[in-house]
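A quick write-up on the structure given underneath.
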Amino acid sequence: MSNEIIGKIKETVELAEKEIKNIKNNDELEQWRIKYLGRSGFILSFTREISSMHDDLKPLAGKEINKLKKILTGLYEEKKKEIDLSYVINELGHKKEVLIYTYPGREPDFAYFHPITIITKSMINIFKKMGFGIWTGPEIETDYYNFSALNTPENHPARDMWDTFYLDYSKGILLRTHTSPIQIRTMERFKPPFRIIAVGKCFRKDAFDSSHSPVFHQMEGLMVGFDINFAHLKGALIYFLRELFGAEIKVRFLPAYFPFTEPSAEISISCVICKGKGCSTCGGTGWLEILGAGMIHPEVFKNIARKEPSYSPDKITGFAFGMGIERIAMLKYCINDIRHFYNNDIRFLTQFRLNLGDNNEILL
Ligand code: DAH
């Protein structure tokens with residue numbers, strides 16, 4: 001019985017080869033495919049035969065059928081390429097530069113990511129380890145999400161902290177000046193507790209200079225829950241900064257003001273260039289300011305609680321933080337001018353490689 005099926009398989013290969021040689025177009029090829037590889041084709045009818053065979057013979061027969069399937073599929077693929085190629089040459093007349101659109105693209109030996117992408121991936125990776133989810137939000141925002149819901153109502157002097165591009169001033173439509181509106185959007189969408197980071201482009205009416213760009217990136221963090229306190233904020237940020245810049249750095253929290261947090265803090269690390277001695281990068285202070293953060297202001301929770309009562313400020317607390325990604329990249333890679341990121345100078349851009357570990361995890 002097994003010899004019988006092996007014989008039949010051999011005959012099938014010969015027949016299939018003979019038939020496919022004469023095939024000239026895709027219609028004929030499809031007929032061929034149905035006959036051999038289709039649902040009532042040879043392969044499946046052989047497979048069905050196996051069930052009536054003696055158990056000892058089944059594995060061998062199965063192997064032979066698999067081999068047959070491989071051979072037939074190979075013949076099919078080859079023929080398909082040949083037909084497609086002849087179509088391109090004969091019908092499209094591309095005789096010199098042949099475009100074989102069914103071929104997979106050639107994989108480049110290497111590729112470069114933009115340094116902002118690389119640092120962003122590394123930063124996300126650290127927060128992922130602490131269980132933060134990743135979220136995004138729109139670049140075109142409303143006055144409500146960018147300001148009012150963040151406890152910065154109209155005519156609030158703190159609005160001057162962000163010089164805003166308005167798309168339609170009378171309707172309050174603008175380009176977000178920071179990623180903080182994503183805090184509001186995520187709280188409206190998810191009930192507490194949760195923790196997320198969000199990354200995206202931000203826009204401010206700043207002229208280009210060595211440390212400003214009208215378009216830049218921020219990373220925002222938000223953690224809300226039932227007994228979140230300042231120690232959690234400190235723990236998360238110190239862990240993040242030491243993972244990113246090295247275990248030896250010092251982290252400093254100073255009181256600050258942001259309308260959406262109370263208390264607020266401005267966070268610095270000991271200068272990565274001079275190790276705290278004082279140099280031109282840190283302006284002689286030994287410290288580099290890189291983050292704004294704080295405990296979510298009760299007014300912000302009240303704005304959410306109007307729609308989602310679980311955010312009532314007597315039940316919920318939380319922390320948030322925000323930082324400029326370009327600034328982090330400049331400090332991490334010792335870049336002294338933000339404009340390098342946007343000049344598209346290939347000599348600059350090809351200095352940065354994404355470092356992947358054995359399991360494709362991102363290494364710093
Ligand atoms: N949104 C602030 C800015 O762009 C940064 C910031 C400060 C974000 C404190 C926060 C925060 O979430 O708590 O300047």
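The values are calculated or read from the model by the stated rules, or taken from the named source; none is laboratory data. All values derive from a computational prediction rather than experimental measurement. Counting neighbours? That spans all protein chains shown, and the Cβs are built from the backbone with ideal geometry, glycine included. Protein only, heavy atoms only, side chains kept; ligands, DNA and RNA dropped before computing areas. Shrake-Rupley method; radii C 1.70, N 1.55, O 1.52, S 1.80 Å.
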Among 37, 88, 75, flag the residue with its Cα farthest along the positive direction of the charge dipole of the stretch 2-97, charges on Cβ as +1 for Lys/Arg and -1 for Asp/Glu. 88
What is the magnitude of the charge dipole of the stretch 2-97 about its Cα centre, with +1 placed on the Cβ of each Lys and Arg, -1 on the Cβ of each Asp and Glu, and no other charges, expressed in debye to the nearest 20? 120
So for the chain, taking the charge dipole from beta-carbon charges (+1 Lys/Arg, -1 Asp/Glu), which of 186, 124, 346 sits furthest toward the positive end? 124
Rounded to whole Hz, the Karplus (6.51, -1.76, 1.60) HN-Hα couplings of the stretch 194-207, x for glycine and proline: 7, 9, 9, 10, 9, 10, x, 6, 10, 9, 9, 6, 10, 6
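Given a 1.4 Å probe, how much area per residue of the chain is accessible, in Å²?
Details: 20450 Å² over 364 residues.
In whole numbers, the chain has 56 Å² accessible per residue.
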Amide hydrogen neighbours beyond the local backbone of residue 250, cut-off 5 Å, H modeled: 270
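When the dipole is taken about the Cα centre of the chain, and only Lys, Arg (+1) and Asp, Glu (-1) are charged at their Cβ, what size is it in debye, to the nearest 20?
Using Cβ point charges on Lys, Arg, Asp and Glu, the chain gives about 440 debye.
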Around residue 261, which amide H atoms from residues at least 5 apart in sequence, or from another chain, sit under 5 Å from its own amide H, with H modelled in the peptide plane? 297
Taking Lys and Arg as +1 and Asp and Glu as -1, residues besides residue 79 with C-beta under 14 Å from its C-beta add up to -2
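Please go through the stretch 204-257 and write out the trypsin sites (Lys or Arg not before Pro) that DSSP classes as loop and that have at most 16 other C-beta atoms within 10 Å. Don't skip to the end; give the middle numbers.
Working: sites: 204, 205, 234, 242, 250, 252; in loops: 204, 205, 250.
Those satisfying the criteria are 205, 250.
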Give the distance, in whole Å, between the Cα centre of the stretch 147-179 and the Cα centre of the stretch 291-313. 18
So how far apart, in nm, are the two label points at residue 342 and residue 169 if each is 7 Å from Cα heading toward Cβ? 2.3
Furthest towards positive pole of dipole, 12, 26, 46, structure part the stretch 2-97, Cβ charges: 26
Cysteines in the chain lacking a second Cys C-beta under 4.7 Å: 202, 334
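Rounded to the nearest 500, what is the 222 nm mean residue ellipticity of the chain from helices alone, with -39500 (n - 2.57) per DSSP H run of 4+ residues and division by all residues?
Details: 11 runs with 140 residues, N = 364.
Value at 222 nm, helices only: -12000 deg cm²/dmol.
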Of all accessible surface on the chain at a 1.4 Å probe, what whole percent is carbon and sulfur? 53
Please give the peptides 224-231, 21-28 ranked by average Cβ packing (other Cβ atoms within 10 Å per residue), highest first, as a rough proxy for protection. 224-231, 21-28
Beyond 30 Å, what percent of the Cα pairs of the chain remain? 57
